[in-house]
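Enquirer: My questions will all concern the structure given below.
Only the coordinates and a few stated rules stand behind these numbers; no lab work does. Source: prediction; values computed, not measured. Here the Cβ positions follow ideal geometry from the backbone for every residue, glycine too, while neighbour counts run over all protein chains shown.
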Amino acid sequence: MNKFFSNRRLVIIIVCLIVSFGLMSVSVVIRNKRSTPPLLQQFGNDIVGLVNRAVAWPVNGVKGSVTSVSDLLNTYQENKRLKSQVQELAQTKVHDQA
């Protein structure tokens, strides 16, 4: 059975992350220097924007799923509480009629 993260895939992912962070740091340094040509500053801005979008997409997905699970758990607890209130009201109504 193939592992989800084989050793080779894990190494590739780590290398890609290192390269990404390296590109981001170099592009930020290039972008912030006033003596660099505008073309290189634009290149730095483009790299930062691309990596920002690439990182933000999965982070926002995880954030949305965590929020959904939290909402689902809150709904379950509220439903449980409301069921117990309805059951108590039904019991008091039965006792009042008897």
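Enquirer: Let me know the volume per residue of the alpha-carbon convex hull for the range 7-97, in Å³. Can you show the working numbers first?
Expert: Details: hull volume 12.4 nm³, N = 91.
Once divided by residue count, the hull of the range 7-97 is 136 Å³.
Enquirer: For the pair HIS95 and ASN32, how long in nm is the line joining their label points, each one 7 Å along Cα→Cβ?
Expert: So the label points at HIS95 and ASN32 sit 7.0 nm apart.
Enquirer: Using helices alone, I'd like the mean residue ellipticity at 222 nm for the chain: each DSSP H run of four-plus residues gives -39500 (n - 2.57), total over residue count, nearest 500.
Expert: -32500 deg cm²/dmol
Enquirer: For the chain, take the longest principal axis of its alpha carbons; what is the angle in degrees between that and the long axis of helix 7-32, to the nearest 10 within 0 to 90?
Expert: 70 degrees
Enquirer: Further question on the same structure: Would you mind getting me the FRET efficiency between LEU39 and SER65? Use the beta-carbon distance for r and R0 = 35 Å, nearest 0.05.
Expert: 0.30
Enquirer: Determine which aspartates and glutamates satisfy two conditions relative to LYS63: a Cα distance under 13 Å, and not lying fewer than 8 residues away in the same chain.
Expert: ASP71
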